[in-house]
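Engineer: First the structure, then my questions, so here it is.
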Amino acid sequence: MILLTFNIVNIEAEAKNSLQISDEERLKVTEGNTKAILRILDIHDIKASFFVEISIAEKLQNLIKAISSKGHEIAFYNLNSDLQTIEEVKKNIQDILEKQVRGIRQKDFKLAQENLKLLEFNYVSNIDHADILFPFKRLKRDTEINEQDGLSIVPESISPYFQLPYNDFMFQILPMKYYKNMVFETLKNDDFVLIYLNSWQFTDFKKYPFDVPYYRSLFSGKKMEDKLEALLSWINENDMATSRMKDYIF
């Protein structure tokens with residue numbers, strides 16, 4: 001099973017040459033990138049899970065409703081919000097969607113699992129910090145979903161043969177032929193492959209003057225769209241199963 005997920009987050013990088021990019025402009029970039037992702041998913045009729053960052057979720061109500069109306073899952077991505085904020089945003093978004101938000105994803109700032117359970121989340125999908133040296137830091141990890149504190153804990157996937165993680169950076173820099181081989185070989189060994197990408201990776205950095213490292217701007221924007229198109233075409237051509245996170249877990 002392929003679990004395709006997207007983190008909907010504003011790009012945090014500063015602007016080049018002392019320029020200023022407002023929060024509103026950053027939000028518009030995020031909306032545009034997410035709509036590009038939705039268009040590609042629609043073309044290939046594949047459903048995914050969208051982890052919307054807590055601090056911008058209520059500012060993206062129309063986008064969130066559009067994502068949900070197309071059959072995709074809405075979950076949360078917590079960068080640094082406290083429990084009270086998460087509880088309030090969760091209630092508001094659930095009221096808007098008339099659906100329960102089951103999943104949450106964390107990276108550097110992680111809240112206690114028992115507290116997340118009290119907020120009525122059902123699963124946690126934590127991710128590690130990904131940079132150019134990341135593949136050499138951790139080459140082994142548990143790849144099975146397990147239960148802790150009443151929550152399903154979904155680990156990041158790692159290729160058992162290539163020994164590379166399925167994080168956003170690997171998708172961006174690896175040739176698609178190599179990436180497809182990773183997915184194919186991993187599914188021979190594991191029950192699922194969890195893939196995650198960030199909305200900001202679809203930014204056209206020639207159009208928007210964000211100061212990002214060269215290796216992070218490489219193959220971004222339209223090239224990311226093309227790579228996602230290629231992956232989804234390959235998935236459909238080979239009749240490979242995909243699922244939203246909540247459906248697979250429950």
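The values are calculated or read from the model by the stated rules, or taken from the named source; none is laboratory data. These figures come from a predicted structure and were not determined experimentally. Note that each Cβ is placed from the backbone with ideal geometry, even for glycine, and that neighbours are counted across all protein chains shown.
Engineer: Select the strands (runs of 3 or more DSSP E) contained entirely in segment 140-250, then report the ones holding at least 3 residues which are of a type in the set (D, E, K, R) and within 18 Å of the chain's Cα centre (by Cα).
Structural biologist: In segment 140-250, there are no strands (runs of 3 or more DSSP E) which contain 3 or more residues that are of a type in the set (D, E, K, R) and within 18 Å of the chain's Cα centre (by Cα).
Engineer: While we're here: Among the residues of segment 163-198, write down those that are of a type in the set (Ser, Thr, Tyr) and free of Cβ contacts under 8 Å to residues at least 40 places away in the same chain.
Structural biologist: 166, 178, 186
Engineer: For residue 243, state whether it is touching a Ser or Thr at 6+ places or on another chain (Cβ under 7 Å) and among the hydroxyl-bearing types (Ser, Thr, Tyr).
Structural biologist: Taking the combined requirement at face value, the residue does not satisfy it.
Engineer: I'm told residue 99 meets every condition in (1) charged (D, E, K, R); (2) part of a loop (DSSP other than H, G, I, E, B); (3) over 19 Å from residue 246 (Cα atoms) except one. Can you identify the failing condition by its number?
Structural biologist: (3)
Engineer: List the pairs whose first member sits in segment 141-162 and is in contact (Cβ under 8 Å) with a residue 12 or more places away in the chain, whose second member is basic (Lys, Arg) and surrounded by fewer than 18 Cβ atoms within 10 Å (Cβ to Cβ), and whose Cβ atoms are under 7 Å apart, counting only residues at least 6 apart or on separate chains?
Structural biologist: 149/117; 150/117; 151/117; 155/141; 156/141; 158/141
Engineer: I've got another one for you. Which of the residues spanning segment 24-58 are within 16 Å of residue 12 (Cβ to Cβ) and either loosely packed, with under 15 Cβ neighbours inside 10 Å or among the aliphatic types (A, V, I, L, M) (or both)?
Structural biologist: Residues satisfying the conditions are 24, 25, 27, 28, 29, 52, 54, 56.
Engineer: Separate question: If a residue has to be among the aliphatic types (A, V, I, L, M) and surrounded by fewer than 19 Cβ atoms within 10 Å (Cβ to Cβ) to count, how many in segment 152-163 make the cut?
Structural biologist: 1
Engineer: Provide a single number: the residues in segment 201-244 that are under 20 Å from residue 38 (Cβ atoms), touching a residue at least 24 places away in the same chain (Cβ under 8 Å) and not polar (S, T, N, Q).
Structural biologist: Total satisfying the criteria: 13.
Engineer: Somewhere in segment 165-172, is a residue within 30 Å of residue 12 (Cα to Cα), at pLDDT below 95 and out of contact with any helix residue (DSSP H, G or I) (no Cβ under 9 Å at 6 or more places or on another chain)?
Structural biologist: Taking every residue of segment 165-172 in turn, none turns out to be within 30 Å of residue 12 (Cα to Cα), at pLDDT below 95 and out of contact with any helix residue (DSSP H, G or I) (no Cβ under 9 Å at 6 or more places or on another chain).
Engineer: Determine which member of the set 74, 11 is in contact (Cβ under 8 Å) with a residue 60 or more places away in the chain, touching a strand residue (DSSP E or B) at 6+ places or on another chain (Cβ under 9 Å), surrounded by 15 or more Cβ atoms within 10 Å (Cβ to Cβ) and of a type in the set (Val, Ile, Thr).
Structural biologist: From the options 74, 11, the qualifying one is 11.
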